[in-house]
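Enquirer: Before we start, here is the structure in question, set down as structure tokens.
Any read-out appearing in this document is the output of simple, stated calculations on the displayed coordinates, not a laboratory observation. Nothing here was measured: the structure is a model prediction, and the numbers come from that model. No Cβ is skipped: glycine too gets one built from the backbone with ideal geometry, and neighbour counts run over all protein chains shown.
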């Protein structure tokens, strides 16, 4: 009966928040072992979660993702209960706070892009200095100069001649070649970005004018089970996409944007892929994860059943995407990019981890297969230009570190979350009027600790309700007890090695008894876990020559995470490898 | 702070060096099925598509478009206070658009509108805004949208 009530309450809590992910709230994520042991906090606004993570080279970066993906990672896979303090604020306040996080995101993205551009400058100058081919330019590998006169590309060229004039592509080609020559002759090492843009535009013009075909390596190789013939509605969607891309290409040819080379190459490749789809009656999509510098996924060691399940899930998602993007003819660029991403995941056995961290909506990786292009020699003294470029890169690195580097106490996931929230308003009084209290008051010495921060949110800010969201084990335990109530079931589920829900994982540390669902018994369970950890470490010492000390590590960590349990504190909860 | 929380604080402070913010790459290394998170994220975007404009839905922009507009608005407001060139502005805009899966941002009507809103946020005067609009051709649709965004931000 108790289990039934618990299950009902948990399910209700989950549904309540899922239904009302709209609005503004702070999320507290309970701790777990390893890198999650301090707990975590985030802000949720109209279904988008904003939180900060210690990322690229020690920089604290803002991550934006949808609520469902956040819930999956933290509550399901990491098995950490969540609490959401929902704020009683109007939509204008929510929008204002989102604007502040957008500003933070934009500032970070642009500074990171600036550094990446300086890194590219160094790579290019090194290539020039050593007489090597210049690095690959993104997008240039989508089309192939070895396949000139492609019939679809020739049709596109003829169409552009009719719409923009017979000399439009010749003119674009001549202009971009002139720009490349001028920039190379000038030899200004601070204008290499402009040179890359000019080279990219020159390649796009050559490709359009020479009717280059699609490079076969730029396409996602879909497995047979995800390669259904096109439905009539999908064919209509692809026709609409082709028309849309013809217009896009025309507009880009006539545009004054100096950086439009990549956009043109991508639009042309998408057009060729769409035409080939229609010709073969099977969907041809560009590989969204292929790009210069983007590493291919390494094989993982999951079971074949997991692999098969991923494949089925990815194929299902692709079918859904085909229906919603092509079937409904919602073929704008952003929607179509999602379909390309799903195809890229499907082509990799359902694995998306090649694409890096999640972004706000989908992964947002654009097809960008690269190719090294012939470039005229760069005039000037290359050795000193390279030294200067390296200095500029070092200075930019230092600037980035000074502004965004992580610090355990003064600049962490909590302090910046609070600062960005308060930064949405012009003055402390305005913050107080909007939210009830500042998210980062100066009188809280331990405010950088996630649960202290969350306590303060609950106590001082205008919170309308706090919603508890159970971890995966909590939910599963309630289900198991509902289906098979009794002491035996409870006993079975209380240990890591007999549980039907959980499978022991080395990263969770070695432990015997779960302590997240008990309180008064926790110190006793902790003592058992401590002894278990000691025994496991001893066993690990014997096994060390065979497992490179993995079991010793798990045993020692198991002992360490048993210590808080002796003082009634649970950190370790176990985690899961996959979503079911 | 209640006693349980105080105990947790003591335990955590004892293990202070281990409880920093999570490392981004650990998302991939720790709960190994980050693919599931990616798939769920994309599935969420498909859901949003079907409930937004263009498919008999609510008529609201998709979350991706709303977020793009917000980012461009903030970008314009930040950029105008700096010393970047026109080409720098275009490069930055292209970067932000690509984060939303868009390369041909000139065809998105929300782009000039959001720029106008951002210029308003940056407190550009009417005279400065007029000069900006003249520089891109007052009668062009983009200029009109930018002006509308400036005069009716959030509208």
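Enquirer: Ranking A:330, A:446 by Cβ neighbours within 10 Å, fewest first, what do you get?
Expert: If I rank by nearby Cβ atoms, fewest first, I get A:446, A:330.
Enquirer: For the protein assembly as shown, what class follows from the C-alpha gyration tensor (a ≥ b ≥ c being the square roots of its eigenvalues): rounded when a/c is under 1.5, otherwise prolate if a/b is larger than b/c, else oblate? Write out the running numbers ahead of the final one.
Expert: On the way: a/c = 1.76, a/b = 1.58, b/c = 1.11.
Prolate.
Enquirer: Right, here's the next one. Can you compute the FRET efficiency between residue A:503 and residue A:407 using 1/(1 + (r/R0)^6), with r the Cβ-Cβ distance and R0 = 35 Å? Round to the nearest 0.05. The partial results should precede the final answer.
Expert: On the way: r = 37 Å, r/R0 = 1.05.
The formula returns an efficiency of 0.45 here.
Enquirer: For segment B:46-145, what's the relative contact order in percent, using C-alpha pairs closer than 8 Å and at least 6 residues apart?
Expert: On the way: 78 pairs, mean separation 26.1, N = 100.
This gives 26 percent for segment B:46-145.
Enquirer: From other protein chains only, count the Cβ atoms within 10 Å of every residue's Cβ in A:448-454, then give the mean. Mind showing how you got there, number by number?
Expert: Values: counts 1, 7, 3, 6, 5, 0, 1.
Neighbouring Cβ atoms belonging to other protein chains average 3 per residue here.
Enquirer: Mind running the shape call on segment A:424-528? Use the C-alpha gyration tensor, a ≥ b ≥ c as the square roots of the eigenvalues: rounded below 1.5 for a/c, prolate if a/b tops b/c, oblate otherwise.
Expert: Working: a/c = 3.40, a/b = 2.39, b/c = 1.42.
Prolate, since a/c reaches 1.5 and a/b exceeds b/c.
Enquirer: Any idea how far apart residue A:484 and residue A:191 come out in nm if each label point goes 7 Å out from Cα toward Cβ?
Expert: 7.5
Enquirer: Next question. Any idea what the relative contact order of chain A is, in percent, if you count C-alpha pairs under 8 Å spaced at least 6 apart? Walk me through the numbers on the way to the answer.
Expert: Values: 956 pairs, mean separation 130.1, N = 580.
This gives 22 percent for chain A.
Enquirer: State the Cα centre-to-centre distance between segment A:402-445 and segment A:550-580 in whole Å.
Expert: Segment A:402-445 and segment A:550-580 have Cα centres separated by 32 Å.
Enquirer: Can you sort A:415, A:182 so the residue with the fewest Cβ neighbours within 10 Å comes first? Kindly include the intermediate steps, with their values, before the conclusion.
Expert: Values: A:415 20, A:182 13.
Arranged by neighbour count, lowest to highest, A:415, A:182 become A:182, A:415.
Enquirer: For a quick check: sort A:559, B:49 by the number of other beta carbons within 10 angstrom, fewest at the front. Spell out each step's value before the answer.
Expert: Working: A:559 20, B:49 25.
With the fewest neighbours first, A:559, B:49 line up as A:559, B:49.
Enquirer: Just order B:64-76, A:381-393, A:283-295 by mean Cβ neighbour count inside 10 Å, highest at the front, would you? Present the calculation step by step, with values, prior to reporting the outcome.
Expert: On the way: B:64-76: 24.4, A:381-393: 15.2, A:283-295: 20.8.
Most protected by this proxy first, the peptides run B:64-76, A:283-295, A:381-393.
Enquirer: Here is a follow-up. So if I take the centroid of the Cα atoms in segment A:26-65 and the same for segment A:508-523, what is the distance between those two points in Å?
Expert: 25
Enquirer: How crowded by other chains is B:68-81, given as the mean number of beta carbons from other chains within 10 Å of each beta carbon?
Expert: Working: counts 4, 1, 8, 9, 2, 4, 10, 7, 1, 3, 4, 2, 0, 0.
Mean partner shielding for this stretch: 4.
Enquirer: Along the Cα-to-C-beta direction of residue A:544, a point sits 7 Å from the Cα; which residues of segment A:493-507 have their amide N less than 13 Å from that point?
Expert: Under cut-off, by backbone N: nothing.
Enquirer: Whole Å is fine, so just give me how far the alpha carbon centre of segment A:76-100 lies from that of segment B:61-115.
Expert: With segment A:76-100 and segment B:61-115 each reduced to a Cα centre, they are spaced 25 Å.
Enquirer: Quantify how strongly other chains surround peptide A:102-114 by giving the mean number of their Cβ atoms within 10 Å of each of its Cβ atoms.
Expert: Details: counts 10, 9, 1, 7, 15, 3, 0, 7, 10, 0, 1, 7, 4.
Mean partner-chain Cβ count within 10 Å for A:102-114: 6.
Enquirer: Rounded, prolate or oblate for segment A:135-355? Axes are the square roots of the Cα gyration tensor eigenvalues, ordered a ≥ b ≥ c, and the cut-off for rounded is a/c under 1.5.
Expert: Values: a/c = 2.56, a/b = 1.49, b/c = 1.72.
Cα axes put segment A:135-355 in the oblate bin.
Enquirer: Could you tell me the calculated FRET efficiency between residue A:255 and residue A:308, based on Cβ-Cβ distance and R0 = 51 angstrom, to the nearest 0.05?
Expert: On the way: r = 47 Å, r/R0 = 0.91.
With R0 = 51 Å, the Cβ-Cβ based efficiency is 0.65.
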